[in-house]
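**Student:** Sending over a structure as structure tokens; questions will come in a sec.
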Amino acid sequence: MALLEVKNLAIQFGGLRAVDDFDLSIEKGELYGLIGPNGAGKTTVFNLLTGEYKPTSGIITLDGVDITGKKPIEINKAGIARTFQNIRLFKQLSVLDNVKIGLHNQYKYSTVASILRLPSYYKTEKEMNEKAMELLKVFGLDKHADVLSSNLPYGEQRKLEIARAMATNPKLLLLDEPAAGMNPNETEELMENISYIRKNFGMTILLIEHDMKLVAGICEKLTVLNFGRILTQGDTKTVLKNPEVIKAYLGDE
């Protein structure tokens, strides 16, 4: 059974069919890419998968459970976490505290323990700090743990957002243009980071990306969207040689 199964997904805004008859199947452990020209409907698909939008029709199942139309918090608890095309960090909080927010669905202590600073509170805080630092080390951000997230360089803010999403321990991680705005060296590092978390954390990843070097370098399979519909899908090498893809997407670069 595939981890994510999407069947006949569609959404309509007024008279516009933004996504239509969208199918997707992702196996556990896969690193899958979703590409297409600007305005093709890629982020709309992410918004449907994470509950930001409710589909007009279609079914979404995660690990065999129907999550169609559920609220974002319910879908996150079910096992989907994401980053955003426009970075969404808690800018008034430190790098460490941003990641710890993602851990709160796994670590619990009572209000009384928190107020009275009972031993259970300190034990839980210690465990959360250790786990958050472990995730920050993956991206080389542990040395910036006490820095305000808003003071990080742009590329490192993108990495922090991924670390925070990983902190929720998702079954499926959605990355919306994680390399956007990065220079070539930063993109190269990001490719290594993504490959590392896929291998060492057993993470299943679906990403939207315009950087074709990154897509070709790490994605095993691709789906290409154009005008809200699937143009083609399959293994990465085959898809990127498709003349329709070259015309509709690569020619857009």
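The values are calculated or read from the model by the stated rules, or taken from the named source; none is laboratory data. Predicted, not measured: the structure shown is a model, and the values here were computed from it. FYI the Cβ positions are ideal-geometry reconstructions off the backbone, even for glycines, and counts take in every protein chain you see. Ligands, DNA and RNA are stripped out before the accessible areas are found, and what is left, the full protein with its side chains, is counted by its heavy atoms. Shrake-Rupley method; radii C 1.70, N 1.55, O 1.52, S 1.80 Å.
**Student:** Give the span of the stretch 154-229's Cα atoms along each principal axis, as three whole-Å numbers ordered largest to smallest.
**Tutor:** 34, 29, 19
**Student:** Which longest run of the chain has no exposed loop site in it, a site being trypsin sites (Lys or Arg not before Pro) in a DSSP loop with at most 10 other beta carbons within 10 Å, and the site itself not part of the run? Kindly include the intermediate steps, with their values, before the conclusion.
**Tutor:** Numbers: sites that count: Lys108, Arg117, Lys241.
Excluding the exposed sites themselves, the longest stretch runs over 118-240.
**Student:** While we're on this one: Please list, ordered by chain and number, the residues whose modelled amide H lies under 5 Å from the amide H of Arg82; skip anything fewer than 5 residues away on the same chain.
**Tutor:** Leu174
**Student:** In terms of modelled amide H atoms, which long-range or inter-chain residues lie less than 5 Å from the amide H of Ile67?
**Tutor:** Sorted by chain and number, the residues that satisfy this are Ile60, Thr61, Leu62.
**Student:** Are there chymotrypsin sites (Phe, Trp or Tyr not before Pro) in the stretch 1-107 that DSSP marks as loop and that have at most 11 other Cβ atoms within 10 Å, and which are they?
**Tutor:** none
**Student:** Now a separate question. To the nearest 20 Debye, how big is the dipole of the chain about its Cα centre, given +1 on the beta carbon of each Lys and Arg and -1 on that of each Asp and Glu?
**Tutor:** Magnitude of the dipole: close to 660 debye.
**Student:** Compute the angle between helix 119-138 and the longest alpha-carbon principal axis of the chain, please, reported from 0 to 90 degrees and rounded to the nearest 10.
**Tutor:** 40 degrees
**Student:** By how many nm would the segment from Phe227 to Asn86 grow when fully extended, if each residue of separation counts as 0.36 nm and the alpha-carbon distance is taken off?
**Tutor:** 48.6 nm
**Student:** Per the helix-only calculation at 222 nm, which mean residue ellipticity applies to the chain, given -39500 (n - 2.57) for every DSSP H run of n ≥ 4 and division by its residues, nearest 500 deg cm²/dmol? Provide the component values of the computation, followed by the final result.
**Tutor:** Values: 10 runs with 98 residues, N = 253.
Mean residue ellipticity at 222 nm (helix-derived): -11500 deg cm²/dmol.
**Student:** A further question follows. Got a sec to turn the phi values of the stretch 9-22 into Karplus ³J(HN,Hα) couplings, 6.51 cos²θ - 1.76 cosθ + 1.60 with θ = phi - 60°, whole Hz, x for Gly and Pro?
**Tutor:** Karplus-based 3J(HN,Hα) across the stretch 9-22 equals 6, 8, 8, 10, 10, x, x, 9, 8, 6, 9, 9, 6, 8 Hz.
**Student:** On to the next question. Within the stretch 147-253, how many Lys pairs sit with Cα atoms under 19 Å apart, leaving out pairs fewer than 8 places apart on the same chain?
**Tutor:** The result is 13.
**Student:** Mind listing the phi-derived Karplus ³J(HN,Hα) values for the stretch 216-226, rounded to whole Hz, using 6.51, -1.76 and 1.60 with θ = phi - 60°, and x for any glycine or proline?
**Tutor:** Along the stretch 216-226, the couplings run 5, x, 10, 7, 7, 9, 9, 10, 10, 9, 8 Hz.
**Student:** Still on this structure, I have one more. As a test question: what accessible area, to the nearest 10 Å², does Leu175 have when a 1.4 Å probe is rolled over all protein chains in place?
**Tutor:** For Leu175, the solvent-accessible surface is approximately 0 Å².
**Student:** Calculate one ³J(HN,Hα) per residue across the stretch 40-47 by plugging θ = phi - 60° into the Karplus curve 6.51 cos²θ - 1.76 cosθ + 1.60, and present them in order as whole Hz with x for glycine and proline.
**Tutor:** Here the 3J(HN,Hα) series is 6, x, 5, 5, 4, 4, 4, 5 Hz.
**Student:** Also, quick follow-up: When DSSP assigns beta bridges and you keep just the ones with both residues in the chain, what percent turn out antiparallel, to the nearest 5? It would help to have the intermediate numbers written out before the result.
**Tutor:** Details: 21 of 37 bridges.
Roughly 55 percent of the beta bridges in the chain run antiparallel, per DSSP.
**Student:** What is the sum of charges, Lys and Arg at +1 and Asp and Glu at -1, for the other residues whose Cβ falls under 11 Å from the Cβ of Gly228?
**Tutor:** Cβ neighbours under 11 Å give a net charge of +1.
**Student:** Please list, in chain and number order, the residues 5+ apart from Thr204 or on another chain whose amide H is under 5 Å from its amide H, with Hs placed from the backbone.
**Tutor:** Excluding prolines and chain starts, which carry no amide H, the hits are Gly29, Leu173.
**Student:** Could you work out how far helix 184-200 tilts from the main Cα principal axis of the chain, as a 0 to 90 degree angle to the nearest 10?
**Tutor:** 80 degrees
**Student:** Between Glu127 and Lys7, what is the label-point separation in nm under the 7 Å Cα-to-beta-carbon projection?
**Tutor:** 3.9 nm
**Student:** Positive end of the charge dipole of the stretch 44-92 (Lys, Arg +1 and Asp, Glu -1 on Cβ, about the Cα centre): tell me which of Ile87, Tyr53, Gly64 has its Cα farthest that way.
**Tutor:** Final value for the positive-end residue is Ile87.
**Student:** Let me ask another. Could you calculate the contour length gain from Asn169 to Glu134, that is, 0.36 nm times the residue separation minus the distance between their Cα atoms, to one decimal place in nm?
**Tutor:** 11.3 nm
**Student:** Run the quick spin-label model on Asn151 and Lys213: label points 7 Å from Cα toward the beta carbon, then report their separation in nm to one decimal.
**Tutor:** Placing both labels 7 Å along Cα→Cβ, they lie 3.2 nm apart.
**Student:** Something else about it: Under 12 Å from the 7 Å Cα→Cβ point of Ser57, by amide nitrogen: which residues of the stretch 1-22?
**Tutor:** Under 12 Å, as judged by backbone N against the label point of Ser57, lie 8-12, 20-22 of the stretch 1-22.
**Student:** Given (1) 48, 38, 38; (2) 63, 40, 34; (3) 53, 38, 34 as candidate values of Cα extents along the principal axes in Å, which corresponds to the one derived from the coordinates?
**Tutor:** From the options (1) 48, 38, 38; (2) 63, 40, 34; (3) 53, 38, 34, the structure gives (2).
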